[in-house]
Amino acid sequence: MSNNAFLTDLITDTVLSRRCFMKWSAALGGTAALAASGIPAFAQGSEELAQNFGSTGQMFRTCCPAHNCGGRCPLVVTVQDGMITRIGSDDREYDEIDRPRVVACSRGKAYRRRQYHPDRLKYPMKRVGPRGSGQYERISWDEAIETVATQMQRIKEQYGNSAIFVPYGTGGGSQMMGAGTASRLMNLFGGRLNYYNNYSWAAIQRATPTVYGTQNTGNQRQDWLNSRYIIMWGWNPAEMMDGTNSAWFIRKARENGAKVIAIDPRRSLSVNALADEWIPIRPGTDTAMMSAMAYVMVTEELYDAEFVEKYTIGFDRSQMPEGYEDEESYKDYLLGTVDGIPKTPEWAESITGVPREKIIEIARDYATIKPGMLYQGYGMQRRAYGEQVVRAGCVLPALTGNVGIPGGWAGGMAFQAGGAGGPGFPGGTNPITASIPSYMFTDAVLRGTEMGPEDGVVGVEKLDNSIRMIYAVASNCMINQHGNSNRSAQILADETLCEFIVVHEQFLTSTAKFADILLPACTQFETYGLNGSWKYGEEALYGPKLVEPMFESKSDFQICAEVAERLGLGEAYTEGRDERGWIEYIMEQRKTNLPDFPSLQEFEDQNLGFYQRTVTEPIIAFKAFREDPVANPLETPSGKIEIFSPALFEMNNPEEIPAIPKYIQEWESPFGPEAAEYPLQAVNHHYMHRVHSTHHNVDWLDQAFPQRVFINPIDAQARGLQDGDVVKVWNDRGTIMTPVRLTRSIMPGVVDIPQGAWYLPDENGVDQGGCANTLTSERPTPLAFGNTQQTIMVQVAKA
């Protein structure tokens, strides 16, 4: 039987092959629980688990591979004769607020279709056609490793280590998989050009500390049940997750009496499942509505004046920081004292499309129904001026006094202190001090030696190299997930710019097609792994090796270890440990901060898979500051909540980086001249089909959530479109072809193109894959130099 036929049989369940890739010989049993505050979430032995799960074969508790979906979930996997035959999730039959079930979504449960997909990369390959053509021939591992090591040495000798780059990528994150393995290799080799921030959070991570001095602004999720009024502002936990169980906690809060409203251009699954009311808003105008809400609170004297006076600076002229008394305060901005434009609900209605009456109602409710929680999602800060909406969303909780109290929410990044996270795979120290924003890597290929602080470069006055070599591990960001995919492809196709590209991958992705050497990486089920929970930090998940790597694939760790060995760095890289040895080491390191954290032996002997901390008293961000701001000042320069930021004022760019949060019209907008040619705004939400671009090729998920552009019937009628028509969506940067879906779940004037579809240009350069980034811009935000991929204007027509 051929490899493809064998895989097809397994995938379609027409036969259950008896061919063995490995025999799992140790039957893991035992039901003893760890006597600790950290509770093993699974407590059944393997035989009992198999009975309850209703299947034969050996049952193992593991975890969903860390592809950065916004959650981290346990899985229960059936292995029979060395093959994964079934995947389930948290099998507990109860939910408790202090340690709820952590249930995987359809993406995790469909993983077997990806694990045994016939298109898995099988062998090392070298490019034989133009970059981007996807033309490769099979080579041996020995030749592949030798080529990579030789090219690394050449680049180092010819240009220096700062010409080497390991790009941002989240396609693997289980310690032995992912970009961290390559970062350790490069650091031992003499370093590589650094990057900072990421595609998800650049603006919110940079802007939050300008108000609070920290990113740890979130109460623990169990505290959400104390809220009485919850605003889900562009927040979609039912689809992008934002921590496994976040949607469940909102539902429990609603059951506990909270009113939940959702402000979003689209009626998402979260709106349908969790909200009492949906308020559509024009994309990119959220700061205008927030400003108008603040105007209502101030003019109607609904804001918490005592809190504002005691805990903030910059609200009005009487509270300006020393040396800035004559500058524009936040109240001046709201009342239009300087610009002559009061930020009234009428003013905001014309910008946002939200009726003035509704703005007034929400402002009054949020100011008076206490405690309240305004949770801002991340899509609205991936826009032209994403920093402004973050700062405005932090100021509203301060105006209402919802900071530092149970049931309140300070806004911003909303990391929480504490948690089950801790040390991971050690990357070592990078001797290269230069660092670029992650979103600026294409510029560093194209014009690196021209880049300085004005381009977000830190650590040096100017880059001494352009990027000459890219070593990409589990990253589809170079093409598919980066802004303006056509531009990225053009830059990376030019071998006179970036001279050598290595890619570790499991499939021939859009990025993999640009590799000079393409190396097949195994999945997490084929090696050992350890994941922390996403953002909130109550769980840790162990992934034992369940099956042998398919074909000639290897873990990212093993590949880098072999390159290190060829470079004479093998012992320094591995320190004598294999994948399992490193996971054991990392677990022991975590016990330093978490004495109750299980050892590897305990995880394996008890078939745990999943460690969960019990939450008895939810963490309240800024509780100590609220109780005594003098004894417990914030980490801001003033020690208070900075509505006016002297640091931002001193950047001397008031039009794009004002000292107080302001609405700024985007550079692509329905109100600009570009709207005449491209009248529709496009958003690109996280889709249940994929984790970014991962799972794009999984048939079950494609059938349930096919790629298409969603459009309101009003806009469809104006273009003569019927549901199911194939349409072209275009702007100056490119054109995509995709089916159209008519729905009233998207507001008029806006179309939704789910992000992550694989970029697939035809001979004319038209993207047949429906990749939203064919249309997006590479231009960064002005302060964080972050992702602006939600700021898009397009036109749509029948193909």
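The values are calculated or read from the model by the stated rules, or taken from the named source; none is laboratory data. Because the structure is a prediction, the values reported are computed rather than measured. So basically every Cβ, Gly included, is an ideal-geometry build from the backbone, and we count neighbours across all protein chains shown. Surface areas here come from the heavy atoms of the whole protein model, side chains and all, with no ligands, DNA or RNA. Shrake-Rupley method; radii C 1.70, N 1.55, O 1.52, S 1.80 Å.
Here the gap between ALA797 and ALA273, fully extended at 0.36 nm per residue and compared with their Cα-Cα distance, gives a gain of 185.4 nm.
Over the chain, DSSP H runs of length four or greater, each weighted -39,500 (n - 2.57), average out per residue to a 222 nm ellipticity of -7500 deg cm²/dmol. With the other protein chains left in place, how much accessible area per residue, in square angstrom, belongs to the chain at a 1.4 angstrom probe? Per-residue accessible area for the chain comes out at 34 Å².
Within the full protein context, the accessible area of ARG138 is estimated at about 140 Å² for a probe radius of 1.4 Å. Note on PHE671 and GLU656: the model spin-label points, each 7 Å out from Cα along the C-beta direction, lie 1.9 nm apart.
Let me see the P(r) profile for the stretch 320-401: every Cα-Cα distance counted, bins of 5 Å, each bin given as a percent of all pairs. Distribution as computed: 3, 12, 15, 23, 27, 13, 7, 1 percent. When +1 charges are put on Lys and Arg Cβ atoms and -1 charges on Asp and Glu Cβ atoms, the dipole computed for the chain relative to its Cα centre reaches about 1680 debye. Beta bridges assigned by DSSP with both partners in the chain are antiparallel in approximately 55 percent of cases. Under a model in which nothing but the beta-carbon of Lys, Arg (+1) and Asp, Glu (-1) is charged, the stretch 148-241 shows a dipole of about 180 debye around its Cα centre.
Multiplying the residue separation of ARG317 and ASP628 by 0.36 nm and subtracting their alpha-carbon distance yields 109.5 nm. Its relative contact order, with pairs defined as Cα atoms under 8 Å and 6+ residues apart, puts the stretch 483-542 at 21 percent.
Using R0 = 30 Å, the C-beta based FRET efficiency linking GLN135 and ILE714 works out to 0.10. Database remark: amide H of ASP304 closer than 5 angstrom to the amide H of THR400, GLY401 (H placed geometrically; neighbours at sequence offset of 5 or more, or on other chains; Pro and chain starts carry no H). With K and R counted +1 and D and E -1, the other residues having a Cβ less than 13 Å from that of LEU600 yield a net charge of -2.
With bins 10 Å wide beginning at 0, the percent of Cα pairs of the stretch 262-333 falling in each bin runs 17, 33, 27, 18, 5. Scaled against 2.2 N^0.38 Å for its residue count N, the alpha carbon radius of gyration of the stretch 398-519 is 1.42. With the simple model of a label 7 Å out from the Cα in the direction of the Cβ, GLU635 to ASP98 spans 3.0 nm. Going by the alpha-carbon gyration tensor, a ≥ b ≥ c the square roots of its eigenvalues, is the stretch 210-318 rounded (a/c under 1.5) or, if a/c is not under 1.5, prolate (a/b greater than b/c) versus oblate? Prolate is the answer for the stretch 210-318, as a/c is 1.5 or above and a/b outweighs b/c. Say the dipole of the stretch 650-714 comes from +1 at the beta carbon of Lys and Arg and -1 at that of Asp and Glu; which of ALA704, SER669, PRO658 then lies farthest toward its positive end? Checking the options against the dipole of the stretch 650-714, the answer is ALA704. Net charge of the neighbourhood of ASP276, taken over other residues with C-beta under 9 Å away and scored Lys/Arg +1, Asp/Glu -1, is +1. With the convex hull drawn over the C-alpha atoms of the chain, the volume per residue is 159 Å³. When the chain is described by a simple charge dipole with +1 on each Lys and Arg Cβ and -1 on each Asp and Glu Cβ, the residue from TRP224, GLY734, ILE359 located farthest towards its positive end is GLY734. For the set LEU760, LEU225, LEU396, the ranking by accessible area, highest first and with no ligand, DNA or RNA atoms included, is LEU760, LEU225, LEU396 under a 1.4 Å probe.
Using alpha-carbon pairs under 8 Å, 6+ residues apart, how would you state the relative contact order of the chain in percent? Relative contact order comes out at 20 percent. Distance between the pseudo-spin-label points of GLU571 and ASP723 (7 Å out from Cα toward the beta carbon): 6.9 nm. Just the protein heavy atoms count here, and of the accessible area of the stretch 306-427 at 1.4 Å, carbon and sulfur take up 50 percent.
Once R0 is set to 51 Å, what does the formula 1/(1 + (r/R0)^6) return for the Cβ-Cβ distance between LYS122 and ARG251, expressed as a FRET efficiency to the nearest 0.05? According to the calculation, E is roughly 0.70.
In this structure, the amide hydrogen of TYR229, modeled 1.01 Å from its nitrogen in the peptide plane, lies closer than 5 angstrom to those of LYS259, MET373, counting only residues at least 5 positions away or on a different chain.
Listed cross-link partners LYS259/LYS662; LYS310/LYS640; LYS331/LYS640; LYS252/LYS370 are compared with a 20 Å cut-off, the Cα-Cα value being larger for LYS259/LYS662.
By the Cα gyration tensor, the stretch 696-799 has an equivalent ellipsoid whose semi-axes, rounded to whole angstrom, run 22, 18, 15 from largest to smallest. Tell me whether the stretch 331-454 comes out rounded, prolate or oblate; compute the Cα gyration tensor, take square roots of the eigenvalues as a ≥ b ≥ c, and use a/c under 1.5 as the rounded threshold. Note, shape of the stretch 331-454 comes out oblate. In this structure, ARG228 and GLU495 have a Cβ-Cβ separation that, at R0 = 51 Å, corresponds to a calculated FRET efficiency of about 0.25. What a 1.4 Å probe finds exposed on the stretch 654-799 is 50% carbon and sulfur by accessible area, rounded to a whole percent. Rounded to the nearest whole Hz, the Karplus-based 3J(HN,Hα) values (6.51 cos²θ - 1.76 cosθ + 1.60, θ = phi - 60°) of the stretch 788-799 follow the sequence 10, 6, 9, 8, 9, 10, 9, 10, 10, 8, 5, 6, with x at glycine and proline. For the stretch 645-726, the relative contact order works out to 12 percent when only alpha carbon pairs closer than 8 Å and six or more residues apart are counted. Spatially, the stretch 196-254 and the stretch 446-484 are offset by 30 Å when compared through their Cα centroids. Accessible surface of PHE622, taken over heavy atoms with a 1.4 Å probe and every protein chain present, rounds to 30 Å². Here's the list of lysines a cross-link from LYS462 could span, going by alpha-carbon distance under 20 Å and ignoring same-chain residues fewer than 8 apart: LYS156. When the Cα positions of HIS482, PRO748, PRO713 are compared along the charge dipole of the chain, PRO713 comes out farthest toward the positive end, with charges on each C-beta of Lys, Arg, Asp and Glu. Accessible surface of ILE341, taken over heavy atoms with a 1.4 Å probe and every protein chain present, rounds to 80 Å².
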